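Asks: The structure follows.
The values are calculated or read from the model by the stated rules, or taken from the named source; none is laboratory data. Note that the coordinates shown come from a computational prediction; the quantities given were computed from them, not determined experimentally. With ideal geometry, Cβ positions are generated from the backbone for all residues, glycine too; neighbour counts draw on all protein chains shown.
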Amino acid sequence: MTIQSDNLMIVLQYLPAKEFESHMLVNRQWANLILNNKSKLPKLEIEHYNYLRHGRVWRFKPIRDSLELDHFPKGCYFKKLTIDATQEMFESLKNHAAKYGSILARDVTLLSILNSDEEGIQTPSSINFLNVEPRLIEDIVVTTESLKFDMTRSTLEERKYLFQHPSHFYSNHAKKVYVDFDRIDGSFHEFAILKTMMGFIFDQNSLLDNRYLFSMSIQLHSTSEFNENYFRTLFVEFYKHFQSANFPNKVFQNFNLYWHDRSTICSSTLETLNCYSKIPIENWPRFAKELKYKEIQDVFESTREDGWKMIIFSINGAFYGGSYTKLIPPDNKA
């Protein structure tokens, strides 16, 4: 099969130089293209400078220092790049892109941060940035591998808003999209917000099948009766949304929920729901990758008529509990 040389060059620019010798053996086209473009291959990779804030890119090893963003040559790319998710940063990146073109990076993390006001009180500053929709940043920072939205420092009100706008977290370039909301306080136990979260996880309007992982940790309620009702509703909603999804490949393929407390509430709840079946321990080896988490207590599954499976791993660790949910397409042997 012959690939257009222009498209092949784009691919080759981001491959490690040590791999070129083997790539020259693919066919004559690949060999000639590599030999004739040695001076252009590969693009310069920036490894240690990886944190962008206030218009400067910082590194923390082997020494701590920073450089202006426009110091880096056009055509290079960052191996990893963490970016403060603020409106100020967005405007700075937009101005840079207008002068020098888009920034390229393999893995990008958009980090919600806290600002201090005149009295020293810290407040999240990401909401104004998010209102311009982070996917617009893809015109400025092109992510070739993974794009992570680290919203661990966003407020409860921000999260309520963001769960109603899943399009803020789409990506038309990244191979995998991660969204991490970390800890949410007890007020998030409102059942209406739980259903909004389901709509966020099972949103199916992304152009690409790249919504890879959603993570969130919550606080357990002080009463066991409330927790039982809450998690029963949670797992029933999981089931309903999974079974009714027209395009299960568009939703998050993995979603993790954790709470900082030892509890068997996950297993005890799933065991009472007829829509899930408990997988015998002798069949666990097919989940070899997941079994590296030694805290797994039980495994449950639900299967659609088209062969899609939803697997829920109940976790009961020494200091935390939770559930790890994984969607498996019909052509997967797991």
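Asks: Inspect all residues belonging to the stretch 261-273 and state whether any of them is within 25 Å of Leu208 (Cβ to Cβ), over 23 Å from the mean Cα position of the chain (by Cα) and among the acidic types (Asp, Glu).
Replies: no
Asks: Within the stretch 44-60, is there a residue that is farther than 22 Å from Ser146 by Cβ and modelled with pLDDT under 80?
Replies: No: the stretch 44-60 contains no residue that is farther than 22 Å from Ser146 by Cβ and modelled with pLDDT under 80.
Asks: Does the stretch 179-195 hold any residues that are at pLDDT below 70 and within 20 Å of the chain's Cα centre (by Cα), and which are they?
Replies: Those that are at pLDDT below 70 and within 20 Å of the chain's Cα centre (by Cα): Arg183, Ile184.
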